[in-house]
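Here, each number is a calculation from the coordinates, and none is a lab measurement. These figures come from a predicted structure and were not determined experimentally. Note that each Cβ is placed from the backbone with ideal geometry, even for glycine, and that neighbours are counted across all protein chains shown.
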Amino acid sequence: MVILIGLPALLSTPGDKDNVIIAVPGRATVLLVLLQLAAAVTSSWLAWPLWAAVPVTVLAAVALITERRR
């Protein structure tokens, strides 16, 4: 929860939000998003059955591929 909710609430790139608590460069924001994807995939494999974890992994992979093409 700290990673998925707490860090994005505290850290943000200026211009992304109106209220920036701790300003970080864009690279830090990208790393934070990658960390969130990794946490989501890892947690789904640990907590859910196979049929539920596979779609999470596929969605995370699609998000990475789509973002990389931009």
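Key figures
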read-out: Subset of the range 28-52 [under 15 Å from L64 (Cα atoms) and either touching a His at 6+ places or on another chain (Cβ under 8 Å) or not β-branched (V, I, T) (or both)]; value: L31, L32, L34, L35, Q36, L37, A38, A39, A40
read-out: Helices (runs of 4 or more DSSP H) completely within the chain that count 3 or more residues being surrounded by 15 or more Cβ atoms within 10 Å (Cβ to Cβ); value: 26-47, 50-69
read-out: Verdict on V62 being out of contact with any strand residue (DSSP E or B) (no Cβ under 6 Å at 6 or more places or on another chain) and at negative phi; value: yes
